[in-house]
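Engineer: Sharing a structure here in structure tokens format.
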Amino acid sequence: MDERDNRIARSMNVSVEAFAAVNAAEASLRSTFARIDAVEEICAARVLDSFTAEGVAARHFAPSTGYGYDDAGRDTLDRVFARALQAEDALVRPQFTSGTHAIFMALAGLTEPGDAILSATGKPYDTLENAVGLAGNEPNSLKRMGVRFDSVPLDRDGKPDVGSALQAAKQIRPKLLYVQRSRGYAWRDSLLPERDMEPLFRAMRAACPEMAIVVDNCYGEFTGADEPTAFGADIVIGSLIKNPGGGLAPTGGYIAGKRELIERIAQRLTVPGMGREVGSYAGSYRPFYQGLFLAPHVTAQALKSASLFARVFATLGYETMPKPDAVRSDIVQAIRFKSEEELVAFCKSVQAASPVDSFASPEPWDMPGYASKVIMAAGAFVQGASIELSADAPIRAPYTAYVQGALTYSHGKLAALRVYDALKSGKG
């Protein structure tokens, strides 16, 4: 490195070693970044066309009160999201408290006592286990409401086991097939809609034509050119403080898919007989519209940051999933550490590289909805927003951190530089 590089490293408050290592990692990812940019352009065009097709205007940003009858901002936002996610219809609501809430609302809205749900991707994410009744015995869980939730594990390659899913479906005749796109706290690749989902959807549809296919789309929106709805999913669900909120949505979630199913879920959302016609929002809808408009770009920034983290930590000798140059279907990067101490040190260093609460020192705690203690590094402008740079991990072996987000690639790169220094120095 020359004196200019040394000067830049000092001005960025990072070591010369980190500066050289991260820049070398970045240079090796040029073709990967070009592929991500190409996907961003496709998704950005679709989102822009959704806005123009629905005639979005400044009046749609205005808040509403009371019952929310004829709320043009709310109803137009539904239609824009539906087009952007390649669906017939959508429910986009700030009243969804999380992605888990939106998923539960969809599952509960599409089932009745005696129905069964089959997960083709193993057990669902930790926060859903109590909700569906796989853990605990919470009031109003699907189990307590008479809905059965079964699952078949993924195959040894982390892909849907179509044969096992078909066999299970013959036995329980499920009302819904449930698919989790992202990895959750599992050491596997996220599922690609065209490669991994479409063959499963086609086979299951032939065996159970009346069954609806529901995809937990969290962390996956706009990571590829097309959404699962383009390959046969009937419903996709996600959180607005992840990809589709573009870092601007302050809260909320969405459910998108076939119109008849959306209408049924809407009856569960509010009151049967009133459905989507009611529900006001006294805040401005502008952050939701603007966040969706920015979402393809912000998602691309997060994907580049994840690839960089994978390359940097692979170079340091850590096991990473997915590989740095992988075609990704979510924004999550898993990094496996040798000990709990190393894992905790990594999360602390991510927190220290955050714009908000950088001074805080995260510690493992018993977070509601999780089976193990969890440590979360999240110095975010929106609490819990995983489209912003964050890292979290269950405190159990093998010690794996899950890194996601970054509103800008420059922040992702700077965080990689500072985390590199922190781990190399042993400070964490």
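Engineer: Return a yes/no flag: does the stretch 28-43 have any residue that is small (Gly, Ala, Ser), in a helix (DSSP H, G or I) and outside the structural domain of VAL382 (by TED's automatic domain parsing). Show your work before the answer.
Structural biologist: First, the residues of the stretch 28-43 that are small (Gly, Ala, Ser): 28, 31, 34, 38.
Then drop every residue that is not in a helix (DSSP H, G or I), which leaves 31, 34, 38.
Right, trim to outside the structural domain of VAL382 (by TED's automatic domain parsing) and you get none.
Within the stretch 28-43, not a single residue is small (Gly, Ala, Ser), in a helix (DSSP H, G or I) and outside the structural domain of VAL382 (by TED's automatic domain parsing).
Engineer: Right, here's the next one. Within the stretch 308-426, considering only strands (runs of 3 or more DSSP E) that don't extend past its boundaries, which have at least 1 residues that are crowded, with 23+ Cβ neighbours inside 10 Å and among the aliphatic types (A, V, I, L, M)?
Structural biologist: Working: elements: 319-321, 333-337, 374-377, 390-394, 399-404.
Per the criteria, 333-337, 374-377, 390-394, 399-404.
Engineer: Going through the stretch 314-328 one residue at a time, which ones are hydrophobic (A, V, I, L, M, F, W, C) and modelled with pLDDT of 95 or more?
Structural biologist: ALA314, MET321, ALA326, VAL327
Engineer: Are any residues in the stretch 168-187 out of contact with any Phe, Trp or Tyr (no Cβ under 9 Å at 6 or more places or on another chain), part of a loop (DSSP other than H, G, I, E, B) and modelled with pLDDT of 95 or more, and if so, which ones?
Structural biologist: Selection gives ARG173, PRO174, LYS175.
Engineer: Which residues, counting only those in the stretch 342-356, are farther than 14 Å from ALA415 by Cβ and out of contact with any Leu (no Cβ under 9 Å at 6 or more places or on another chain)?
Structural biologist: Within the stretch 342-356, the first condition is being farther than 14 Å from ALA415 by Cβ, and the residues that meet it are 342-345.
LEU343, VAL344, listed by residue number.
Engineer: State which residue is surrounded by the most Cβ atoms within 10 Å (Cβ to Cβ) when the search covers only the stretch 51-104 and only residues that are under 20 Å from ARG259 (Cα atoms) and polar (S, T, N, Q).
Structural biologist: Among those that are under 20 Å from ARG259 (Cα atoms) and polar (S, T, N, Q), it is THR76.
Engineer: Additional query: What's the number of the condition PRO324 fails, among (1) under 30 Å from SER339 (Cα atoms); (2) assigned by TED's automatic domain parsing to the domain that holds TYR67?
Structural biologist: Failed condition: (2).
Engineer: If you don't mind, there's one more thing I want to ask. Please pick out the residue among SER50, SER11 that is of a type outside the set (D, E, K, R), outside the structural domain of GLY146 (by TED's automatic domain parsing) and at pLDDT below 95. Show your work before the answer.
Structural biologist: Working: SER50 fails: at pLDDT below 95.
Residue meeting the stated conditions: SER11.
Engineer: Take the stretch 312-340 and flag every residue that is in contact (Cβ under 8 Å) with a residue 60 or more places away in the chain and acidic (Asp, Glu).
Structural biologist: ASP325, ASP330
The values are calculated or read from the model by the stated rules, or taken from the named source; none is laboratory data. The structure presented is a predicted model; accordingly, all values stated were derived computationally and were not measured. Here Cβ is always computed from backbone atoms with ideal geometry, including for glycine, and neighbour counts include all displayed protein chains.
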